[in-house]
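Student: Once you've had a glance at the structure underneath, I'll fire off some questions.
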């Protein structure tokens, strides 16, 4: 799933309008609408703000993972638990 699709899905699931979300992440409605249409890509700071707002992680938003939950700091990610990876 593309970033634009994930963004739209999360916003609708959260039952927030484009205006409300735009205000929450300090952008304007037109820009948010263009993110959702896939017309433009957000900056790193916007991706982080969206992940924080929705309580998810940036990898999920970017389509790099299907795991929605944020990892706690210091918790090993999937690569750290693979065979041969150093254990913490």
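Student: Could you identify the single residue in 30, 68 that is surrounded by fewer than 16 Cβ atoms within 10 Å (Cβ to Cβ), in contact with a strand residue (DSSP E or B) (Cβ under 7 Å, 6 or more places away or on another chain) and under 15 Å from residue 8 (Cα atoms)?
Tutor: Numbers: 30 fails: in contact with a strand residue (DSSP E or B) (Cβ under 7 Å, 6 or more places away or on another chain).
Exactly one residue qualifies, and that residue is 68.
Student: Within region 2-44, which residues are over 14 Å from residue 61 (Cα atoms) and part of a loop (DSSP other than H, G, I, E, B)?
Tutor: Within region 2-44, 14, 15, 16, 17, 25, 26, 27, 28, 39, 40 qualify.
Student: Give me the pairs, please: first residue somewhere in region 1-22 and more than 12 Å from residue 36 (Cβ to Cβ), second residue anywhere and part of a loop (DSSP other than H, G, I, E, B) and modelled with pLDDT under 95, beta-carbon distance under 8 Å, and either six or more positions apart or on two chains.
Tutor: Sorted first by the residue in region 1-22, then by its partner, the pairs are 1/63.
The values are calculated or read from the model by the stated rules, or taken from the named source; none is laboratory data. Just so you know, these numbers come straight off a predicted model, no measurement behind them. Please note: Cβ atoms are built from the backbone with ideal geometry, for glycine as well, and neighbour counts cover all protein chains shown.
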